[in-house]
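Structure record follows, encoded as structure tokens.
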Amino acid sequence: MLILLGKTEWRKHKCDFGEQMTKEQLTNNLRKLGWSQADFAKKTGVHRNAVNRWCTGKAKVPKVVDMYFELAFRFLKIKDMVEL
């Protein structure tokens, strides 16, 4: 199960680590995982309009999103290793 963050946790989370993800990187990561913007919003507890603003470049992608994807890809890698 991937980490879910409530709406207030996303807003409160200020981190000094993680990379500033571009809108292109965000949309590429969503595509790689087979997730829509709505899927990502539901999994993270963020409003889908916020995800849309990040994907269109109308708002900066929070650094915590980069960390979320890093965890998601690590989870999938481990899952694949366990299933072998």
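Values in this text are rule-based calculations from the coordinates and carry no lab data. Bear in mind the structure is a predicted one, so any value in this text is a computation, not a measurement. As a convention, Cβ positions derive from the backbone with ideal geometry for all residues, glycine included, and neighbour counts pool all protein chains shown.
Overview of values
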read-out	value
Residue order, fewest to most surrounding Cβ atoms within 10 angstrom, among PHE75, PHE69	PHE75, PHE69
Pairwise centroid distance, computed over Cα atoms, of region 42-68 with region 26-41, Å	10
Relative contact order of region 17-83, defined on C-alpha pairs under 8 angstrom at six or more residues apart (%)	43
Farthest toward positive dipole pole in region 17-83 [+1 Lys/Arg, -1 Asp/Glu at C-beta], among GLY34, VAL82, ASN52	ASN52
Net dipole in debye of region 17-83 [+1 Lys, Arg Cβ; -1 Asp, Glu Cβ; about Cα centre; nearest 20]	280
